[in-house]
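A quick write-up on the structure given underneath.
None of the figures in this text is laboratory data; all of them are computed from the coordinates on show. If you're wondering where the values come from, they're calculated on a predicted model, not measured in any experiment. Every residue, glycine among them, receives a Cβ derived from its backbone with ideal geometry; neighbour counts consider all protein chains shown.
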Amino acid sequence: MSGQPFVRLNDDCLMPQLGLGVWQASIEQTRHAVIHALKTGYRSIDTASVYQNEEGVGQALQQSDLPREDLFITTKLWNSDQLQAREALETSLQKLQLSYVDLYLIHWPCPQNDNFVDAWKQLIELQKQGLTRSIGVCNFQQAHLEQLIRETGVTPAINQIELHPLFQQRPLHAWNDLHHIRTESWSPLAQGGEGVFDQPLILRLAQKYGKSPAQIVIRWHIDSGLVVIPKSVTPKRIDENFDVFDFSLDKSELSELAALDAGKRLGPEPESFNKV
């Protein structure tokens, strides 16, 4: 557990490379999951206003005796709030019972609305005001990122995107790397491992390393330089997902895993997703 890796963001903040996601968890499920995760050794928790469970994260943090500076808390600006980011973040902070978050992300670009640059300008100010240590985006494509950087001169620290063995987004990951943007994987296990955990290669590697298929996939994210936030509310799986620091995959195995990419997007298409 002591080998937990950190990554340095382009604003010089350190972020744990492995965190807990709480998408689709109730407030009570979230509270229990975060309490258990912190005891297990997790220090990074990823939530969002639209998940409607920030209160659960806040309740768990209040029950923890860990120093605030040891924690890395992420939440996100929802689409309907892009023109009122400060109010949205203040509401999130109230629910989280925090005076600042470590990372605040624009959840989707919603390019049809043409508000994401204005939202980004607001996040820049929120960072200057100390309400968030780092700022970034989710689900942004290269053109969206280029527009942000061109119009504001500020590069996101993180781009959190759908990424798993069946949908590896290697060109976008490489572009992010080139511009010193860390790529963070959501749905890193392909929403429960369907079609992934039964891959012969992953089963072979699981047997070789004495690990579960999920642990192999999480380790693949880490060894690929990605930040990864597997979601679980089950204590056993929360523990299992964190027990990945005693082995690593070699270059040939990473190359083999790259061949699993099938371009299989499971979530919405960022160019057209516009839900409010």
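Some notes on this structure:
- Considering only the chain, percent of DSSP beta bridges that pair antiparallel, nearest 5: 15 percent
- You can think of it this way: the chain between residue 24 and residue 6 has 3.9 nm of extra reach, that is 0.36 nm per residue less the Cα-Cα gap.
- Average silhouette area of region 91-230, convex hull of alpha-carbon atoms, in square nanometres: 10.0 nm²
- Rg/Rh for region 18-106 (Cα atoms only, Rh after Kirkwood) is 0.94.
- Debye, to nearest 20: dipole size of the chain, +1 on Lys, Arg Cβ, -1 on Asp, Glu Cβ: 320 debye
- Cα-Cα pairs of region 155-276 separated by more than 26 Å (percent): 18 percent
- Rounded D (µm²/s) - region 214-266, Kirkwood Rh over Cα pairs, Stokes-Einstein at 25 °C, 0.890 mPa s: 201 µm²/s
- Using the rule -39500 (n - 2.57) for each DSSP H run of four or more residues, divided by the residues of the chain, the 222 nm mean residue ellipticity is -11500 deg cm²/dmol.
- Candidate cross-link partners of residue 275 among the lysines, defined by an alpha-carbon separation under 21 Å and a same-chain spacing of 8 or more, comprise 76.
- Nearest-0.05 FRET efficiency for residue 112 and residue 91, computed from C-beta distance (R0 30 Å): 0.75
- Cα-based equivalent ellipsoid of the chain: semi-axis lengths in Å, sorted from largest, via gyration tensor: 28, 23, 16
- Modelled label reach - residue 269, point 7 Å along Cα→Cβ, region 173-193 residues with backbone N closer than 13 Å: none
- Calculated FRET efficiency for the pair residue 70/residue 121, C-beta based, R₀ 35 Å, to 0.05: 0.65
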